[in-house]
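Reading through the structure tokens given below for one structure.
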Amino acid sequence: MLKGDSRDPAAWPRLLLTLLAIALLWPGIQLSELNLGVLLPDSQNEMGRFVAQFWPPAHDEAFLQLLFKATLQTLAIATAGMALALVLAIPAGLVASRALSLSAASRGGVPSRLGRLLRWPVRGLLIFLRSVPEIVWALLFVRAVGLGPAAGVLAIAITYSGMLGKVYAEIFESTDQRPAHALLQAGSGRLAAFAYGTLPNVGSELLSYTVYRWECAIRASVVMGFVGAGGLGQQIDLSIRMFAGGEVASILLCFLVLVLAADQLSRLLRWRLT
């Protein structure tokens, strides 16, 4: 660039990329039928009436007892679903990962053909489990086991086992394999090599991701309540049908407190492990 020339040499590429992004996004906006006109002053009265229904939040004793029970049920759905998901995700993550491969430890990181044949079906199972959204599983289980929290627990367990298993396998493989391989070559068992060679290096990351997924499970359990899987979602669906805006506001505030508490728990656990 010449002395005194203040032009940005990357200006034209940035402009072209911006135009390209607009050209790609515009058809998507049209297909989504996004209309910001509903937020303009022409609809201000309707929006005002809608928002006014949420104030004041419902706080009578009978509703608060119902809200407390629904909150506990939401936590139970998320926690029980995560517990069942971990039962499958932990062993599946170990099998899908090359971290505890005896052949890889003895051949300098090259896994055997038999190990690959065992890992690929497990990885395919994990892909299938996480490919179907939990709301779809909830719809299926509501038909199979009936209305109630059991459908939500099973839906979270299936979907999140696939998510957790995949990420666990990637975390196991991304850490330094030399301590675990050294233990395997010394004659240690695979579980002992994992417990003393791999787990200390990835424990905080595993815990952080697990707590994050538990937070996601809380949100998912609320969404699945709209299809009859219990918890806060089912209660908010009933309140919306009854046009009880104050009850909806109270449920949303309770849900906000749940997410904030889960976030603080994640921060505390990460702080204790670092």
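Things to note:
- When nucleic acids and ligands are ignored and a 1.4 Å probe is applied, SER131 ends up with an accessible area of around 80 Å².
- Probe 1.4 Å, all protein chains present, accessible-area order of ARG143, ARG130, ARG178, largest first: ARG143, ARG178, ARG130
- Between ASP176 and LEU147, the simple label model (points 7 Å from Cα in the Cβ direction) yields a spacing of 5.7 nm.
- Annotation: ASP60 carries an accessible surface of approximately 80 Å², with a 1.4 Å probe and no ligand, DNA or RNA atoms counted.
- A protection proxy built from the mean count of other Cβ atoms within 10 Å ranks the segments 213-221, 76-84, 249-257, most packed first, as 213-221, 76-84, 249-257.
The values are calculated or read from the model by the stated rules, or taken from the named source; none is laboratory data. Keep in mind it's a predicted model, so treat the numbers as computed, not measured. In this analysis, Cβ positions are derived from the backbone assuming ideal geometry, glycine residues included, and neighbour counts consider all displayed protein chains. Just so you know, the surface numbers come from the protein's heavy atoms only, side chains and all, with ligands and any DNA or RNA stripped out. Shrake-Rupley method; radii C 1.70, N 1.55, O 1.52, S 1.80 Å.
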